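Report on the following structure.
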Amino acid sequence: MNIALVTGASSGFGQAICCKLIADGYKVIGVARRTDKLQKISDELGSNFLPLSLDVTKKDAVESILLQLPKEFQPIDILINNAGLALGLEPAYQADYNDWETMIETNIIGLVHLTHQILPGMVERNFGYIINLGSVAGSYAYKGGNVYGASKAFVKQFSANLRTDLLGKKIRVTNIEPGLCGGTEFSNVRFHGNNEQAAEVYKGVDYITPEDIANTVSWLVNTPTHFNVNSIEIMPVAQA
Ligand code: NDP
C-alpha cells in the first residue's frame, strides 16, 4: 500500500486530500501544528491515518520526527507539500515585516525542509511523487501579492528544477496552481482571524472547493508512473 505525507492536514485542502487519499486506499501521514484538529480528523479516518504534530518551519523537528516514523508508515512514496499561508497582503510599503517572514518561512523554507528530508529515499527506491501547492499568485502579479506571490513563484520554479534533477527517474513532480478557493481557513488566516473581512473575499463567487483540489490530487497520484503533469492551473469560472 502506498504511503503519502500531507502537510497542512488540519484544515482546508490538506484535510480534504487526506480524506480522499484514505478513501482511495492509501496510508496517510497528516502534518500540522494543531494537535486537537489533527486528532479529530484521525478519529474520523481511522488507523490508516497517522496524525503528526509538527511545525514545518523547524528543521530539526522535521528531521527527527521523520526519522522516527512507525515502520507501517514507511517509506513515504507521495509527498504533498501543502502547508502554506498568505498574511496581510497590503501594498509592500505598508506591510508588516513579521507577516513577510512567516510567509517565507512556511511557504518556502517549510516546503524545502520536507523535500530535502524525503526526496533522497525516493531516489534510492527510484519511485515517488511530490505534489506542491503553488498558486496562480506565483505566475500573475496583483496588488498586495508581493511576498506571497513571490513565495509561490519559488514553489513553481523549485518544482521545475526538481524535475530537471530527477530526469529519467520514476519520481514525478507536479505544481498545482489554484485560483480562488473557499471552504478553507486561508482567508481567515490572511486577515488574522477577522471573519467578516475573510468572508468578503468570496461574496458572489462560485469558488473552487477543497474537494476539487483533493479530487485533482487523487487523479494525479493514480495516473501511470511514466506520465507527469508538470503543472496544473485550476480556476473558478468566475476568475479569469
Ligand atoms: P488553510 O489555512 O485552510 O490550511 C493551511 C494548513 O497549513 C493548515 O492545516 C495549517 O495547520 C497548516 N500550516 C500552516 N503553517 C504551518 C506550519 N508552520 N507547520 C505545519 N503546518 C502549517 O489553507 P488552504 O487549505 O486554503 O491552503 C492550502 C495551500 O493552498 C496553501 O499553501 C495555500 O497557499 C495554497 N493556496 C490556497 C488558495 C486558496 O484560495 N485557499 C489558492 C491558491 C493556493 P496548523 O495551523 O494546524 O499548523
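Bear in mind these aren't lab numbers, they're just calculated from the coordinates by the rules spelled out. On a predicted model such as this, the values are computed, not experimentally measured, just so you know. Note that we place each Cβ from the backbone using ideal geometry, even for glycine, and neighbour counts take in every protein chain shown.
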Practice prompt. Treat each spin label as a single point 7 Å out from the Cα along the C-beta direction, and report the residue 24 to residue 72 distance in nm.
Written response: 2.2
Worksheet entry | Partners for residue 59 among aspartates and glutamates (Cα-Cα distance below 15 Å; same-chain residues under 8 apart left out) | 105
Practice prompt. For the chain, give the magnitude of the charge dipole about the Cα centre (Cβ charges: +1 Lys/Arg, -1 Asp/Glu; no others), in debye to the nearest 20.
Written response: 600
Worksheet, complete the sentence: tail above 31 Å in the computed P(r) of the chain, as % of all Cα-Cα pairs, reads 17
Fill in: Simple spin-label estimate for residue 116 and residue 226 in nanometres, 7 Å along Cα-Cβ
3.6
Practice prompt. Can you find, among 56, 173, 23, the residue farthest towards the positive end of the dipole of the chain? Put +1 on the C-beta of Lys and Arg, -1 on that of Asp and Glu.
Written response: 173
Worksheet item: What FRET efficiency would be calculated for the residue pair residue 240, residue 101, taking the C-beta separation as r and a Förster radius of 35 Å, to the nearest 0.05?
Response: 0.65
Worksheet, complete the sentence: segment 3-234: relative contact order from alpha carbon pairs under 8 Å, six or more residues apart, as a whole percent, is 21
Discussion item. Show me the ranking of peptides 47-60, 213-226, 196-209 by mean Cβ neighbours inside 10 Å, starting with the highest.
Written reply: 47-60, 213-226, 196-209
Response to the item:
One quarter of the C-alpha convex hull surface, i.e. the mean projected area of segment 33-91 in nm², amounts to 5.7
Worksheet entry | GNM result for the chain, Cα springs below 10 Å: residue of 140, 93, 148 fluctuating most strongly | 93
Fill in: Long pairs among 37/143; 71/152; 58/156; 40/170; 20/71, criterion Cα-Cα beyond 31 Å
37/143; 71/152; 40/170
Discussion item. In the chain, if the dipole is taken from +1 on Lys/Arg beta carbons and -1 on Asp/Glu beta carbons about the Cα centre, which of 182, 236, 2 is farthest to the positive end?
Written reply: 2
Worksheet item: Taking 0.36 nm per intervening residue step and subtracting the Cα-Cα distance, what contour gain separates residue 43 from residue 212 on full extension?
Response: 58.5 nm
Worksheet item: In debye to the nearest 20, how big a dipole does segment 97-199 give about its Cα centre with +1 on each Lys and Arg Cβ and -1 on each Asp and Glu Cβ?
Response: 520
